[in-house]
Amino acid sequence: MKKIVVYIVISSIMSSVMTIAVYKKYTKEDPPLFPYGSSFEKTTPSNSSSLISSAGLPDFTRVVEKTIHAVVNVKNYSKKYSNRLNFDPFDFFFGFPDDFGGRGKMPQRNDIPGLHGSGVIISPDGYIVTNNHVIKDADKIEITLSDQRTYRAKLIGTDTSTDIALLKINEKNLPFIYFSDSNKVQVGEWVLAIGNPFDLNSTVTAGIISAKNRNLGILRGETQTAIESFFQTDAAVNPGNSGGALVNTNGELIGINTAISSNSGNFIGYSFSAPSNLVGKVIQDIKKYGTVQRAYLGVRGMDLSKAEYLKAYNNETHQNIKPQQGFLIGEVFDKSGAYEAGLKKGDIIKSIDGKPIQNVADLSFMVGTKHPGDQVKVNIVRNREKKTFNVTLKDSQGRTKIRKKEEITPSELLGATFETLGKDYKKDFGINYGIRITEIRTGRLSSIGLEEGDIILSINGEKIRKPNDVDRILKRYKGDVTIKSIKQNGQVYIAGFEMN
C-alpha cells in the first residue's frame, strides 16, 4: 500500500514538471469543426432551465453524465523520465535541488509512467486528442478509460505550435464529445473542466470563461511559430488536467485544457485552454495530410495595446500612433502573401474576414485556422485611411499548395538551405567537413538558435559533408536529433530538437 501511495504522489509531481505553467502572468463563417465524418454534428442547444436545480443553484449533472466517459487518462512511459522518479517529493514544494534527477538514479525502464495527463475521445472509433507536452518523448502511450479498460495508443501526429497531439486506440463504439464552434463562446458563460488531476480519474470542476484570446508566450520555448489564443477560465485545473476537456453547458467541446497560471505548479486562480476551432483544424490536418498545413500572412509586428513598445516605435519612426485595438505591421516579408497583396510597414490591421483583430492573439488565431492557398480579406488603416486587401496565404516556403507529409523534406522542416563548405571556410575553422547555412527561416534550426553563416558539423553523431546528407540522415527519422555546429565566432555549439 505504501508503494502505491508513493507512486501516485511521484506520478502527480512528475506531471507537474511537464504541465505548462505560466509564471506570474494573467496576462468563413462556421468552419469545419467535426473532423471525422457525419457522426460529428452540432448538438441541439438544451433548455437552460435544465441547469438549475430545485434549490435554484446550478446543476451540471446532465452535462457531466454526457461527457465524463469520453475523457481518458493518458500515461507516458518514457526512459527519458524514468530516471527522474527517485527524488524527495517535498523537493517539489520547496524548489528542485541543483542535482535534480541526478542522485540515486534508477535503472532505465520504460514500464514506469513518467508523466500522466488527460485526453478527449473525439470519435467512436478511438481517435483521442491531448496535449503534445503530455506525450512528448514517450516510448509507450497508455490510455485508461473511465471504466478502467486499458489500451496501447498509437501516436498519429503532433503539433508543437499549438501543443496538440492526436492519438488512436483500436476500439469501436466509444463515447465521444462533439466539437462546438469556439468563436461563439462568450466571456461569462459557464464551463466545465474534466480531467485527471494528480492521477485522480474523472474529476470535474466548474467555472466561467473569464477572458478570451490570451497570448501568454508559453509555447515560444518549443517553437517560433507558436499560436496562442487561449480561453482563460477560473475552473480549477491542476497537473494531470493537461489535455482534458473544457466543455460548455450543452456538453460540447470548446477547448483543450493546456496551461495553468501558477508559481507553484498547482492551480491558484486561472487556467488556459486551446479553443476547439484551432484544435479541430490541427487534428483534421494531421489525420488527412500527416502534418499540419500551416499558413502565414507574412508580417511581423506588435499589439497597439502595448504602450511602452508603441512609444519606442513612435520615437524611432517619428510618428504619433495612439494605443488602440489592432496589429501594427513592423515588417513585411518578401514574396509573402502580404507583400504580394500590397501590405506595408506601418499599416494597422483592424480585421480579417470581418473578424476584429484586437491583438496578436487574434491575428495568430485567425491565420492559424487557415490553409496555404486560402484567401483572406484584410482591412487596414494606412495614414488614417481605411483600405482593404485580398491576401492569398502561403506556407513557410512561399507555396500555396497543400502538401502531404511525404512530400516535405527534412531540410524544409529544419527551415534552412545549405551549401557545401568551401576551402576557405575549412582552412579558417581548421575542419575538413561540414555544410554552411546560407538561408534560415522559421523551423527547427532557428528554434534552437542556429543562424545564417553557422556551420553544421554532424547530425546524430554522423559527419555532414554535403547538403544532401541532411535529408539522407533524417528521412523517415523520428525521435531526438542532436546537431553539432560551429558558430560564426568559432564557438562549438551543440543543440537538439525532436523530429516527429
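The values are calculated or read from the model by the stated rules, or taken from the named source; none is laboratory data. Bear in mind the structure is a predicted one, so any value in this text is a computation, not a measurement. We place every Cβ from the backbone using ideal geometry, glycine too, and count neighbours over all the protein chains shown. For the accessible areas, the whole protein counts, side chains as well, though only heavy atoms, and no ligand, DNA or RNA atoms are used. Shrake-Rupley method; radii C 1.70, N 1.55, O 1.52, S 1.80 Å.
In table form, for the structure just shown:
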| item | result |
| --- | --- |
| Tally, over segment 456-487, of residues that are basic (Lys, Arg) and either in a loop (DSSP other than H, G, I, E, B) or within 24 Å of the chain's Cα centre (by Cα) (or both) | 6 |
| Scope segment 160-191; condition surrounded by 18 or more Cβ atoms within 10 Å (Cβ to Cβ) and either at pLDDT below 90 or among the β-branched types (Val, Ile, Thr) (or both); matching residues | Thr160, Ser161, Thr162, Ile164, Ile169, Ile177, Val185, Val191 |
| Scope segment 145-158; condition open to solvent by less than 80 Å² (accessible area, probe 1.4 Å) and either touching an Asp or Glu at 6+ places or on another chain (Cβ under 7 Å) or closer than 27 Å to Val292 by Cα (or both); matching residues | Thr150, Tyr151, Ala153, Leu155, Ile156, Gly157, Thr158 |
| Residues located in segment 145-157, provided they are closer than 26 Å to Leu200 by Cβ and touching a helix residue (DSSP H, G or I) at 6+ places or on another chain (Cβ under 7 Å) | Ser146, Leu155 |
| Close pairs (9 angstrom Cβ cut-off, 6 or more residues apart or separate chains): hydroxyl-bearing (Ser, Thr, Tyr) in segment 456-471, not in a strand (DSSP E or B) anywhere | Ser458/Tyr433; Ser458/Gly434; Ser458/Ile464 |
| Enumeration of residues in segment 302-314 that are of a type outside the set (A, V, I, L, M, F, W, C) and open to solvent by 40 Å² or more (accessible area, probe 1.4 Å) | Ser305, Lys306, Glu308, Tyr309, Lys311 |
| Residue that is in contact with a strand residue (DSSP E or B) (Cβ under 9 Å, 6 or more places away or on another chain) and modelled with pLDDT under 95, where the choices are Val378, Val367, Val391 | Val367 |
| Test result for Ala361, under 30 Å from Ser273 (Cα atoms), within 28 Å of the chain's Cα centre (by Cα) and at pLDDT below 90 | yes |
| Members of segment 468-491 that are of a type in the set (Lys, Arg) and open to solvent by less than 100 Å² (accessible area, probe 1.4 Å) | Lys484, Lys487 |
| Test: Ile194 is modelled with pLDDT of 90 or more, more than 24 Å from Gln293 (Cβ to Cβ), open to solvent by less than 10 Å² (accessible area, probe 1.4 Å) and assigned to a loop (DSSP other than H, G, I, E, B) | no |
| In segment 344-389, the residues that are touching a Ser or Thr at 6+ places or on another chain (Cβ under 7 Å), surrounded by fewer than 18 Cβ atoms within 10 Å (Cβ to Cβ) and outside any loop (DSSP other than H, G, I, E, B) | Gln375, Lys377 |
| Pairs with Cβ under 6 Å, 6+ apart, first in segment 475-491 and under 19 Å from Glu412 (Cα atoms), second open to solvent by 80 Å² or more (accessible area, probe 1.4 Å) | Lys484/Ile494 |
| Among (1) open to solvent by less than 80 Å² (accessible area, probe 1.4 Å); (2) in a loop (DSSP other than H, G, I, E, B); (3) at pLDDT below 90, the one test that Gly453 misses | (3) |
